[in-house]
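The values are calculated or read from the model by the stated rules, or taken from the named source; none is laboratory data. Keep in mind the model is a prediction, meaning the values are calculated, not measured. With ideal geometry, Cβ positions are generated from the backbone for all residues, glycine too; neighbour counts draw on all protein chains shown. These area figures cover heavy atoms from the full protein model, side chains too; ligands, DNA and RNA do not enter into them. Shrake-Rupley method; radii C 1.70, N 1.55, O 1.52, S 1.80 Å.
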Amino acid sequence: MHRIVDGEKTRLRPASWGFSEAEMQRRFRWSSDDTLQYWSGTIPGGRSYSHFKETVGQRDWPSDGKRISYAILTKDGSLIGMVSCYNIDRRRQTGELGVYLGEQEYWGHGYGTDAIVTFVRHLFADLDFDSIYLHTYESNTRAQRSYLRVGFSVLEKRRRFSPRIGYHEEVKMVITRDAFARLHGLQQHAVTS
Ligand SMILES: CC(C)(COP(=O)(O)OP(=O)(O)OC[C@H]1O[C@@H](n2cnc3c(N)ncnc32)[C@H](O)[C@@H]1OP(=O)(O)O)[C@@H](O)C(=O)NCCC(=O)NCCS
């Protein structure tokens, strides 16, 4: 069941619950942030703000069930990023993780790792996933260190080409439910009002 889940430093809210006007404007601002786009690959944007607002809901939570997205909030409810699981394969009970903190002043203070632990626990404890994988640039040391702290392990490295950054080394990482449960347990934090 999709619901609000609490971490130690963050709270996650299903994107299907919608966003306030101020939150939508913040997300649109993120979509035109080059540094953020560089590191995280694809952040939903739009030809215009109204086009963005019209299309983002279907991108966050498409009706085909292939993606679910959650807002990353601070404990006092400020929207600082997004975390999602996409390429969902229900038959193999697996999916791909995507995450970014749009508010850069929050980078490097443990919010991202906390949000990832909270989200992955929700996927394993509540949404019947068996394993979660991800792809990241080898040059993205902060992200990799965060994923290693969560318990992801490197599956493979390969050389890729993208129009945005040209040739680069890409790392695929994976975590299973058992490995996560051993490290962090599957018990959710109690939701505080
Ligand atoms: C990736 C991201 C979600 C990580 O969240 P975060 O809150 O910044 O990370 P944390 O504070 O939890 O730190 C994670 C690790 O990176 C380390 N770190 C912090 N700043 C760093 C930096 N500038 N360079 C390298 N490592 C750094 C921390 O020490 C920590 O490692 P440790 O646990 O071994 O000490 C966040 O940085 C982000 O949104 N980055 C931009 C988008 C992006 O890269 N998304 C992922 C694409 S694959």
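Given a 1.4 angstrom probe, I'd like the percentage of the accessible area of the chain that is carbon and sulfur, rounded to a whole number.
That fraction is 48 percent.
Run lengths n ≥ 4 of DSSP H only: what is the helix-derived mean residue ellipticity at 222 nm for the chain, with -39500 (n - 2.57) per run over all residues, to the nearest 500?
Counting only the DSSP helices, I get -9500 deg cm²/dmol.
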Checklist outcome for this item: Spelling it out for Leu155: with amide H atoms placed in the peptide plane at 1.01 Å from N, the residues 5 or more places away or on another chain with amide H under 5 Å from its amide H are Lys172, Met173, Val174
Checklist outcome for this item: Burial-style ranking of 59-67, 167-175, average other-beta-carbon count within 10 Å with highest first, yields 167-175, 59-67
Checklist entry - Using a basic spin-label model with each label point 7 Å from the Cα along Cα→Cβ, how many nm lie between Glu156 and Asp34? => result 3.4
Checklist outcome for this item: The answer for the chain, accessible area per residue at 1.4 Å probe in Å², is 52
Checklist entry - Across 5 Å bins from 0, what is the distribution of all Cα-Cα pair distances for the chain, in whole percents? => result 1, 7, 16, 20, 22, 18, 11, 4, 1, 0
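Mind giving me the FRET efficiency for His109 and Thr55? R0 is 35 Å, r the Cβ-Cβ distance, nearest 0.05 is fine. All intermediate terms of the calculation are to be shown ahead of the outcome.
Numbers: r = 31 Å, r/R0 = 0.90.
E between His109 and Thr55, to the nearest 0.05, is 0.65.
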